[in-house]
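The values are calculated or read from the model by the stated rules, or taken from the named source; none is laboratory data. On a predicted model such as this, the values are computed, not experimentally measured, just so you know. Neighbour counts run over all protein chains shown; Cβ positions are idealised from the backbone, glycine included.
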């Protein structure tokens, strides 16, 4: 399934509810926009929802975001499915987002993607059997001079080679996160 599709079979087992602390933060965000324009806070609220509800956005969590922002659920689905930074299904502990745009492709991102698939025995969009890694491909990550590259969380890993990929996988598995 591509990131642009919303699979209604992927659900959380119970209705999500923001913690009091996060709801206060969301209300503060919403107060920055005029009445009726709270949708302007949607990107940050979706990030909060991912943080609160297990690292991904189920139909229930997106419906809840719509309710909180007083907008239609389809408006939330459109935004969540447009941006590759949001996960519409459960992911591994670490998400490898490999840039696949022109500059990175010219310096070997396709071979890096293939190598990761082979090494972890997964396809794009899948999670490794041990639950550690999910592989995604994304559009430009803004490091065109450092490709091929991937992002894992807030960390960029640049000038990738098969050897560097092996080192990354080993480091993330062992909990010794690369700098």
Revision key, fill the gap. In region 68-78, anything part of a helix (DSSP H, G or I) and either under 15 Å from residue 41 (Cβ atoms) or not assigned by TED's automatic domain parsing to the domain that holds residue 35 (or both) is listed as 68, 69, 75, 76
Check your understanding: Hey, any hits in region 94-117 for a residue that's part of a loop (DSSP other than H, G, I, E, B), touching a strand residue (DSSP E or B) at 6+ places or on another chain (Cβ under 9 Å) and in the same structural domain as residue 155 (by TED's automatic domain parsing)?
Key -> yes
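Residues are listed down the side, and each one gets a yes or a no for (1) farther than 21 Å from residue 134 by Cβ; (2) touching a strand residue (DSSP E or B) at 6+ places or on another chain (Cβ under 8 Å); (3) modelled with pLDDT of 95 or more; (4) in a helix (DSSP H, G or I):
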residue: 5; (1), (2), (3), (4): no, no, no, no
residue: 11; (1), (2), (3), (4): no, no, no, no
residue: 15; (1), (2), (3), (4): yes, no, no, no
residue: 33; (1), (2), (3), (4): yes, no, no, no
residue: 39; (1), (2), (3), (4): yes, no, no, yes
residue: 46; (1), (2), (3), (4): no, no, yes, yes
residue: 63; (1), (2), (3), (4): yes, no, yes, yes
residue: 66; (1), (2), (3), (4): yes, no, yes, yes
residue: 84; (1), (2), (3), (4): no, yes, no, no
Review point. Counting only residues that are in contact with a strand residue (DSSP E or B) (Cβ under 8 Å, 6 or more places away or on another chain), farther than 18 Å from residue 107 by Cα and assigned to a loop (DSSP other than H, G, I, E, B), how many does region 147-176 have?
Key: 1
Check your understanding: Pairs, please: C-beta under 8 Å, at least 6 apart or cross-chain, first residue over 16 Å from residue 95 (Cβ atoms) and not assigned by TED's automatic domain parsing to the domain that holds residue 114 and in region 162-179, second at pLDDT 95 or above and surrounded by 12 or more Cβ atoms within 10 Å (Cβ to Cβ)?
Key -> none
Review point. Which of the residues that make up region 133-158 are surrounded by 13 or more Cβ atoms within 10 Å (Cβ to Cβ), without any contact (Cβ under 8 Å) to a residue 24 or more places away in the chain and over 16 Å from residue 95 (Cα atoms)?
Key: 146
Point to revise | Subset of region 29-43 (residues that are closer than 11 Å to residue 80 by Cα and touching a helix residue (DSSP H, G or I) at 6+ places or on another chain (Cβ under 6 Å)) | key: 42
**Study point:** Pick from region 115-129, criterion touching a residue at least 40 places away in the same chain (Cβ under 8 Å) and surrounded by fewer than 18 Cβ atoms within 10 Å (Cβ to Cβ), ranking: nearest to residue 83 (Cα to Cα)
**Key:** 125
Study note, to complete from the structure: residue 89 passes all but one of the listed conditions (1) in a loop (DSSP other than H, G, I, E, B); (2) within 26 Å of residue 63 (Cβ to Cβ); (3) in contact with a strand residue (DSSP E or B) (Cβ under 8 Å, 6 or more places away or on another chain); the exception is number (3)
